[in-house]
Each structure stands twice: as C-alpha cells, then as structure tokens.
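*Asks:* Structure in structure tokens, see below.
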Amino acid sequence: VTVNMPLPLFVANPQLKAVVAIAVDRAIREIIQPVVERSVTIACITTKELIVKDFAMESNEVKMRKAAQLMVSNLAGSLAVVTCKEPLRLSMANYLRTLLQQQTGIASTDPAVVEAAIQACATDNLELGCMLIEKAATEKAIRDIDEALSQQLTARRKTREQGQLFVDNAVFAGHRYPAALPEPLRLTRQGLGPQHLMVYEAFQRQPRQPSVARPAGA
C-alpha cells in the first residue's frame, strides 16, 4: 500500500498510515468478487464460442488449450480492470473518509487537508487494486475455460491417440461457417497453421505492475 507521507495530514499524524492500508483492503474485498465473476463469465462465453469454431478441425488439444487460455485471460483481465477502476477509486476514498472521521486526533484538521489526503491515497493505490483484481480474474478465467472445454479437449486427445484426425461435425452442421471464410482463413484437415495461431498468440500480455509512489508535490 502506498502512502504519500509528505502530505500535510500524514506529516502531522504518521500513525494514520495504518488506516490507509485498512481502507484499501476493504475496498478491494468489496469490489473484487462481483467484478471477477462478471468479467470471467463474459470472457469464457466469448472464448469458448470462438475456440470451438476455429479449432473444429484441430487434433492437437494442447494448441487448443493454450490458445483458449491466452484469449480468456486477456479478455477477463482487461474487462476486470475497465469495470473496476472507477468503483474501486470511489470505494477506497469512501472507506478512508469513514475511517478518518473516527480518528479523534484529527478533529481540528482542516477538512480540505483531509480530503486532499483521501483523494491522493485513493489515486496512489488504484493501480495496486487493479493489479490484484486483474490477477484474480485471469487466474479464475483460466480455470473456468479449462473446465468449459474439458469435453472438447478430451475428445481431441482420444482421437489423436488413435492416430486419427479430429473433426467437430457439430460446428459444420447447418452453418455457413467456416466454408464462408476466405481461403487463407479456411480450416483444413491438417488443423490450424501459424497464421491462424498468431491471432491467439497476440493475446499474450504482460501482467500489470503497481505504479511507483509519486514524489512529493508531483
């Protein structure tokens, strides 16, 4: 947790650093579950729909699983961050405001000084909260997509072990897809080529890192 100690409120009351940590913790706990559940649900539904179609003639379950994990973790993490950022900032500020009002030692402090510290702490710790929520969303998304695709992955493994090529006939029944795709994107009995897999490899992302505390007066 980041606390900008040169702020006037903390210069006069350094013990309040512990209050900031409590407020940040409570805000993250309040926001994390609904944000993660919603983001992961949307990401898993989207990923499964696309993966099942794109890998309809792919016999290698390892490729399928890796592509699904890359896509779902990216989507879930991005959705979680976009969804949580503003509610999390407001929740941090509200919890900190409530906790500071309970501190008798700052009763005579200028309200503007207190509010400035509240807003600074909420801003300084926003990236930390987003990082933790994003991490929770990506980890749950990977677990959930593995479960959602378990039957499809098992079917490919069994077919491959029997020395046969896999074809998901359900994808082709009554649909123009994938026959309507242009030739470079059309599926073949040999499975997906590098040009197809590049679409999923592009979902590879670097984990979010917490930002460095701002210098005093920044």
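The values are calculated or read from the model by the stated rules, or taken from the named source; none is laboratory data. As the structure is a prediction and not an experimental result, all values here were calculated from the model. Here the Cβ is made from the backbone with ideal geometry for all residues, glycine too, and neighbour counts use every protein chain on show. Just the protein is used for accessible areas: all its heavy atoms, side chains included, with ligands, DNA and RNA removed. Shrake-Rupley method; radii C 1.70, N 1.55, O 1.52, S 1.80 Å.
*Asks:* Out of segment 84-102, which residues are among the hydrophobic types (A, V, I, L, M, F, W, C) and in contact (Cβ under 8 Å) with a residue 60 or more places away in the chain? Write out each step before concluding.
*Replies:* The first filter runs over segment 84-102 and keeps only residues among the hydrophobic types (A, V, I, L, M, F, W, C), leaving 84, 88, 90, 92-93, 96, 99-100.
Listed by number, the residues that qualify are Leu88, Met92, Leu96, Leu99, Leu100.
*Asks:* Is one or more of the residues making up segment 27-36 farther than 16 Å from Ile133 by Cβ, open to solvent by less than 20 Å² (accessible area, probe 1.4 Å) and assigned to a helix (DSSP H, G or I)?
*Replies:* No, because not a single residue in segment 27-36 is farther than 16 Å from Ile133 by Cβ, open to solvent by less than 20 Å² (accessible area, probe 1.4 Å) and assigned to a helix (DSSP H, G or I).
*Asks:* Also, quick follow-up: Condition (residue is of a type in the set (D, E, K, R), open to solvent by 50 Å² or more (accessible area, probe 1.4 Å) and not in a loop (DSSP other than H, G, I, E, B)) applied to segment 105-113: is it met by at least one residue?
*Replies:* The answer is no, given that none of the residues of segment 105-113 is of a type in the set (D, E, K, R), open to solvent by 50 Å² or more (accessible area, probe 1.4 Å) and not in a loop (DSSP other than H, G, I, E, B).
*Asks:* Can you name every residue in segment 1-26 that is part of a helix (DSSP H, G or I) and open to solvent by 80 Å² or more (accessible area, probe 1.4 Å)?
*Replies:* If the condition is that a residue be part of a helix (DSSP H, G or I) and open to solvent by 80 Å² or more (accessible area, probe 1.4 Å), then Pro8, Val11, Gln15, Lys17, Arg26 are the ones that fit.
*Asks:* Additional query: Identify the single condition in (1) under 30 Å from Leu88 (Cα atoms); (2) modelled with pLDDT under 70; (3) of a type in the set (A, V, I, L, M, F, W, C) that Phe172 does not satisfy, given that it satisfies every other one.
*Replies:* Only one criterion in (1) under 30 Å from Leu88 (Cα atoms); (2) modelled with pLDDT under 70; (3) of a type in the set (A, V, I, L, M, F, W, C) is unmet by Phe172, namely (1).
*Asks:* For residues that are without any contact (Cβ under 8 Å) to a residue 12 or more places away in the chain and in a loop (DSSP other than H, G, I, E, B), tally how many sit in segment 40-65.
*Replies:* 0
*Asks:* Look through Glu127, Glu86, Glu139 and report the one residue that is surrounded by 15 or more Cβ atoms within 10 Å (Cβ to Cβ), more than 18 Å from Lys66 (Cβ to Cβ) and among the acidic types (Asp, Glu).
*Replies:* Glu127
The rows are residues; the columns are (1) of a type in the set (A, V, I, L, M); (2) touching a residue at least 12 places away in the same chain (Cβ under 8 Å); (3) part of a helix (DSSP H, G or I).
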residue: Ser73; (1), (2), (3): no, yes, yes
residue: Val82; (1), (2), (3): yes, no, yes
residue: Ala122; (1), (2), (3): yes, yes, yes
residue: Glu134; (1), (2), (3): no, yes, yes
residue: Thr154; (1), (2), (3): no, yes, yes
residue: Arg157; (1), (2), (3): no, yes, yes
